[in-house]
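Notes to accompany the following structure.
Coordinate-derived values only; no laboratory data. This structure is a prediction, so every number in the text was calculated from the model and none was measured. Counting neighbours? That spans all protein chains shown, and the Cβs are built from the backbone with ideal geometry, glycine included.
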Amino acid sequence: MSSEKSLYDFIDLTPYIRWNNLSSADGYYAGDELMLLRDAFDFTWIAMEMESGYQGEWIAVFYVDNKWCLANGYFGSCSGCDALEAEGYEVWLGNYLKNVRAFGKKEDAIEWLETTDDLAYETYSSYRPKEVMLRALKLFHFPFNEEAGSG
């Protein structure tokens, strides 16, 4: 949809990775996606949530460089069904995080979420990433004027 695309751009987050902050000794394994994101990036995290269980979906909503960003994915319980464990965190960060949706305004992110199909990977799951992201964006307010970009 052309109207949908005009609301966001894909942002490549690889230049923001804090490689020296990552745990190379122990690494990251199946289900560690949110821990890896927290360790790798110093963003304003608005929401990070992972479906409970040994496999499922996760979401991350954050703010960086005057952009409201939405990311979602899935996790498994072993290297056969979890991309992070199968690829290793260096490859996972490099490949997966090039597809993060970035919006110039919070209202654009909310509008896109309200009009797009559900983002769930597994339609049989009761977890609905779209609803979680919408709730987080609607409830979050910066303590400064976002448009002015100053704190």
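With each pseudo-label sitting 7 Å past Cα toward Cβ, what's the Asp9-Leu22 distance in nm, one decimal?
Roughly 2.4 nm, to one decimal.
Checking the a/c ratio against 1.5 first, then a/b against b/c, what shape does the Cα gyration tensor give for region 2-137?
The shape class here is oblate.
Please work out whether region 16-56 counts as rounded, prolate or oblate from its C-alpha gyration tensor, where a ≥ b ≥ c are the square roots of the eigenvalues and a/c under 1.5 means rounded, while otherwise a/b larger than b/c means prolate and anything else oblate?
oblate
Test of understanding: what is the full-extension gain from Asp42 to Arg135, defined as 0.36 nm times their sequence separation minus their Cα-Cα distance?
31.2 nm
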